[in-house]
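Contents: one structure, followed by commentary.
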């Protein structure tokens, strides 16, 4: 059989009305493989064809309603397929425990209606695998829900993001100059705006610049494809070892760079700590603007110390390190394609009370010809660069700005 699931697609279609466990055993009998092996390879029952289709990027299942998918171009479409809570619970728990409890002979625990977890798995037939966020039916009278994101099999390319219109080449070259200068970088935006994609592209540019290098990637779940090997620490599937614990130990590794996949809580404190110890960091977080990303990181760090009076000192730390903040927003074109675009690149240069003072390096401006906003380079930002950033650029031999910024 050229494809492991070829028989399933041609000879056996799992219907949403079927009992999940019965359907799995039936598929295993037809394909001639044990049920656990099917699960480990990404068996997905009624949504199998969706999850294994190369053009599908996201699958959104909400409370037994028709399933939504988003393709690789960002266009969202409603499908005639649906899954009830029993199927959603079954698949989520099977995927999560296939390589854990079942492989140790302990079976799958009873599905809790109050379960809520995020997990990443790598399936040979799905390319890069999947990341999914599952919420049990105890949170809604309408039933369980799950959001599935197909992960890329290949590393992200910054040049492709330029080609796709995520950011101009000049802005990309500016970010590469800051990376060579070892400036800390925060990437902010809403869910689906492309934060992780941009982070992955910058990390792979970093790996291509310096080989070998002592790089540590810390993630809640394995998401960033890398072009070269690196240290990787990940929160365990049960959540017993959290990001805060991992980040707390990260600066003891003699690192040249630390990448924290996403700052969502007290682990942000150790991002600030890494800054003060001379370790450059790249991380992402949710925020509504580049300036908001700076404030957001300081606010998250407060979750570690639980003392709001420290907010000004945390912001001072960010200012003293001249952190570069990049913001993306999700935009929808007239043809329904959803994409992320960089809307601002700022350098933090000072504080005013509990407000960041920033130097806007790239900002959105209305295009007089088209009437649409576009990202443009702020020439006045060169004069306003902080002494810290200027020193870093000079030390690394970088000319700033690159010529492409004026193109």
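The values are calculated or read from the model by the stated rules, or taken from the named source; none is laboratory data. Worth saying up front: this structure is predicted, and the values here are computed from it rather than measured. Using ideal geometry, Cβ is built from the backbone for each residue, glycine included, and neighbour counts are taken over all protein chains shown.
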For this session: Report yes if residue 351 is over 21 Å from residue 170 (Cα atoms), outside any loop (DSSP other than H, G, I, E, B) and outside the structural domain of residue 74 (by TED's automatic domain parsing), otherwise no.
Result: yes
Exercise. Out of segment 53-66, which residues are surrounded by fewer than 21 Cβ atoms within 10 Å (Cβ to Cβ), touching a helix residue (DSSP H, G or I) at 6+ places or on another chain (Cβ under 9 Å) and within 19 Å of residue 151 (Cβ to Cβ)?
Worked result: 56
Exercise. Restricting segment 203-224 to residues that are at pLDDT below 85 and out of contact with any strand residue (DSSP E or B) (no Cβ under 9 Å at 6 or more places or on another chain), which is surrounded by the fewest Cβ atoms within 10 Å (Cβ to Cβ)?
Worked result: 211
Seminar exercise, completed: The condition of being over 30 Å from residue 53 (Cα atoms) and in a helix (DSSP H, G or I) holds, among 176, 198, 216, 202, only for 176
Problem set entry | segment 276-290: number of residues that are modelled with pLDDT under 95, more than 12 Å from residue 260 (Cβ to Cβ) and touching a strand residue (DSSP E or B) at 6+ places or on another chain (Cβ under 7 Å) | 0
Problem set entry | The lone exception for residue 139 - which of (1) within 25 Å of residue 264 (Cα to Cα); (2) in contact (Cβ under 8 Å) with a residue 40 or more places away in the chain; (3) more than 19 Å from the chain's Cα centre (by Cα) it fails | (2)
Exercise. Looking at segment 31-42, which of the residues that are touching a helix residue (DSSP H, G or I) at 6+ places or on another chain (Cβ under 8 Å) and in contact (Cβ under 8 Å) with a residue 24 or more places away in the chain is farthest from residue 60 (Cα to Cα)?
Worked result: 31
Seminar exercise, completed: Note on segment 385-400: residues outside any loop (DSSP other than H, G, I, E, B) and surrounded by 14 or more Cβ atoms within 10 Å (Cβ to Cβ) are 388, 389, 390, 392, 393
Exercise. Residues in segment 355-365: is at least one in the same structural domain as residue 209 (by TED's automatic domain parsing), farther than 21 Å from residue 158 by Cβ, surrounded by fewer than 18 Cβ atoms within 10 Å (Cβ to Cβ) and out of contact with any strand residue (DSSP E or B) (no Cβ under 7 Å at 6 or more places or on another chain)?
Worked result: yes
Exercise. In this structure, does residue 309 turn out to be assigned by TED's automatic domain parsing to the domain that holds residue 363, at pLDDT 90 or above and within 22 Å of the chain's Cα centre (by Cα)?
Worked result: no
Problem set entry | Subset of segment 61-82 (residues that are assigned to a loop (DSSP other than H, G, I, E, B) and within 26 Å of the chain's Cα centre (by Cα)) | 63, 72, 73, 74
For this session: Name the single residue, out of those in segment 83-92 being part of a helix (DSSP H, G or I) and surrounded by fewer than 22 Cβ atoms within 10 Å (Cβ to Cβ), that is farthest from the chain's Cα centre (by Cα).
Result: 86
Exercise. So residue 296 fits all but one of (1) outside any loop (DSSP other than H, G, I, E, B); (2) more than 18 Å from the chain's Cα centre (by Cα); (3) buried (at least 20 other Cβ atoms within 10 Å of the Cβ); what number is the exception?
Worked result: (2)
Exercise. Within segment 162-173, how many residues turn out to be within 15 Å of residue 340 (Cα to Cα) and modelled with pLDDT of 95 or more?
Worked result: 5
Exercise. Can you name every residue in segment 114-140 that is modelled with pLDDT of 85 or more and either assigned to a loop (DSSP other than H, G, I, E, B) or outside the structural domain of residue 87 (by TED's automatic domain parsing) (or both)?
Worked result: 114, 115, 136, 140
Seminar exercise, completed: Screening 266, 225 for residues that are part of a loop (DSSP other than H, G, I, E, B) and more than 30 Å from residue 332 (Cβ to Cβ) leaves only 266
